[in-house]
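The next block holds one structure in the form of structure tokens; read it before the comments.
The values are calculated or read from the model by the stated rules, or taken from the named source; none is laboratory data. Predicted model, so just to flag it, every value in this text is computed and none were measured. Glycine gets a Cβ as well: all are built from the backbone with ideal geometry, and neighbour counts include every protein chain shown.
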Amino acid sequence: MPEYVDWFVNRAKQFLGFQKMLARETPKTIMLVEAPAEMGKTWLIQKMRHHGQTNDLPVMHVDFRDRRAHDYLYLVRLARDQMGAHHFNPLTKIINKFTSLDINIALESTRQAGPVDVSIGDISDISGEIIIAGGDVIKDNEFYIQADSDMARRAAEIRINDAFFTCLTALLEKGPAVFLFDSYEDVTTEADHWLRDHLLPRMGKEQLAQAIVIIAGRKTPDLGPTLQALVAKTGLTLFSEEHVREYISSRRGIEGLDLETIIKTSGGFPGLLAKMADIATMDTQDDDDWL
């Protein structure tokens, strides 16, 4: 996500709901923001992320438009790294256990082959204590799961997810943590599986009572009756003339435009307004130094 810029306009209802969630002034802990393209969903997510970071809250952010191979391992690693890796050392240790490589090398002294474990997170000193890279964070070896069968791969997935949620539960004892998922319409099958089968079902349990989940997209998941008491679903409205003027003049600081034309041309779509503002502030001066 790019560096935050305060272009936030006309989303006070949703942001106030988010603040109420953090303050536990509502039983809702899951917000679904569903709206068409160009409606400012990402602006809202940016505002929430910025609020969390400036208030020292653990925040995980995923934009499914980035086309990464989002699966459970990627997601738990991302949550760990964004929320504070030192809170998730037991998770990293488990990940390294299941992703370590066994390499056979020739031993010059005996000319025999032997297995060498190159896992970083499980390196021990003479006393048997774990050496922690950087003083307080176990380093992830960044390898993939090493499994010989689907059963072994499934066992690794269960252990890793259990370790993640155990660490998350301990983190939540200190206060709220926020999960932000943008562009849900582009979610991968694996990421959707992790959301539906691991994160969201736990939201109704005491261990994750301090967790807040925001999912934004052109479509959002149907979570069924089990989580209904926790879910607040909202849409986003078009900008009014007042909001267009606020965005162009106050937020972007652009003067001299025909705002009546801007209002009619944009139709109140935040995304179109942003593009029009970008064009209006674009530097069109040619640099001929290369000639």
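Please name all residue pairs, on different chains or six or more residues apart, with Cβ atoms under 8 Å, provided the first residue is in the range 187-209 and is of a type in the set (Ser, Thr, Tyr) and the second residue is in a helix (DSSP H, G or I). Filtered contacts from the range 187-209: THR188/PHE64.
Residue-wise test of (1) out of contact with any Ser or Thr (no Cβ under 7 Å at 6 or more places or on another chain); (2) among the hydrophobic types (A, V, I, L, M, F, W, C); (3) under 30 Å from LYS47 (Cβ atoms).
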residue: SER149; (1), (2), (3): yes, no, no
residue: ARG154; (1), (2), (3): yes, no, no
residue: ALA163; (1), (2), (3): yes, yes, no
residue: LEU171; (1), (2), (3): yes, yes, yes
residue: ALA177; (1), (2), (3): yes, yes, yes
residue: LEU180; (1), (2), (3): yes, yes, yes
residue: THR189; (1), (2), (3): yes, no, yes
residue: HIS198; (1), (2), (3): yes, no, yes
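Among residues of the range 9-23 being free of Cβ contacts under 8 Å to residues at least 60 places away in the same chain and of a type outside the set (Phe, Trp, Tyr), the one that is farthest from GLU246 (Cα to Cα) is ALA23.
Look at GLY204 and say whether it is more than 17 Å from the chain's Cα centre (by Cα), at positive phi and not in a strand (DSSP E or B). No, not satisfied. Of all residues in the range 24-76, those that are among the β-branched types (Val, Ile, Thr) and assigned to a strand (DSSP E or B) total 4.
Checked against (1) farther than 22 Å from VAL59 by Cα; (2) free of Cβ contacts under 8 Å to residues at least 24 places away in the same chain, ARG251 meets all criteria but (2). Go through the residues of the range 95-114 one by one and say whether even a single one is part of a loop (DSSP other than H, G, I, E, B), within 24 Å of the chain's Cα centre (by Cα) and modelled with pLDDT of 90 or more. Within the range 95-114, none of the residues are part of a loop (DSSP other than H, G, I, E, B), within 24 Å of the chain's Cα centre (by Cα) and modelled with pLDDT of 90 or more.
Across the range 50-90, the qualifying residues are those that are within 19 Å of LEU199 (Cα to Cα) and charged (D, E, K, R), and the one among them that is farthest from the chain's Cα centre (by Cα) is ASP71. What are the residue pairs meeting all of these: first residue in the range 136-153, first residue within 16 Å of HIS86 (Cα to Cα), second residue part of a loop (DSSP other than H, G, I, E, B) and among the hydroxyl-bearing types (Ser, Thr, Tyr), Cβ atoms under 6 Å, and 6 or more apart or on different chains? Within 6 Å, the pairs are ASN141/SER119.
On inspection, ALA163 fails the criterion of being more than 23 Å from ASP63 (Cβ to Cβ), among the aliphatic types (A, V, I, L, M) and exposed (fewer than 15 other Cβ atoms within 10 Å of the Cβ).
Taking the criterion of being among the aliphatic types (A, V, I, L, M) and part of a helix (DSSP H, G or I), the residues of the range 131-188 that qualify are MET151, ALA152, ALA155, ALA156, ILE158, ILE160, ALA163, LEU168, ALA170, LEU171, LEU172. If only residues of the range 246-275 that are charged (D, E, K, R) and under 31 Å from the mean Cα position of the chain (by Cα) are counted, the one that is surrounded by the most Cβ atoms within 10 Å (Cβ to Cβ) is ARG252.
Restricting attention to the range 167-189, report how many residues are surrounded by 15 or more Cβ atoms within 10 Å (Cβ to Cβ) and over 24 Å from GLY17 (Cα atoms). Please lay out each step first, then the result.
Here is the first cut: in the range 167-189, the ones surrounded by 15 or more Cβ atoms within 10 Å (Cβ to Cβ) are 167-169, 171-172, 176-184, 186-188.
With over 24 Å from GLY17 (Cα atoms) added as a condition, the list becomes 167, 186-188.
The qualifying residues number 4.
Annotation: HIS198 fulfils all but one of (1) out of contact with any strand residue (DSSP E or B) (no Cβ under 8 Å at 6 or more places or on another chain); (2) outside any helix (DSSP H, G or I); (3) in the same structural domain as GLY17 (by TED's automatic domain parsing); the unmet one is (2).
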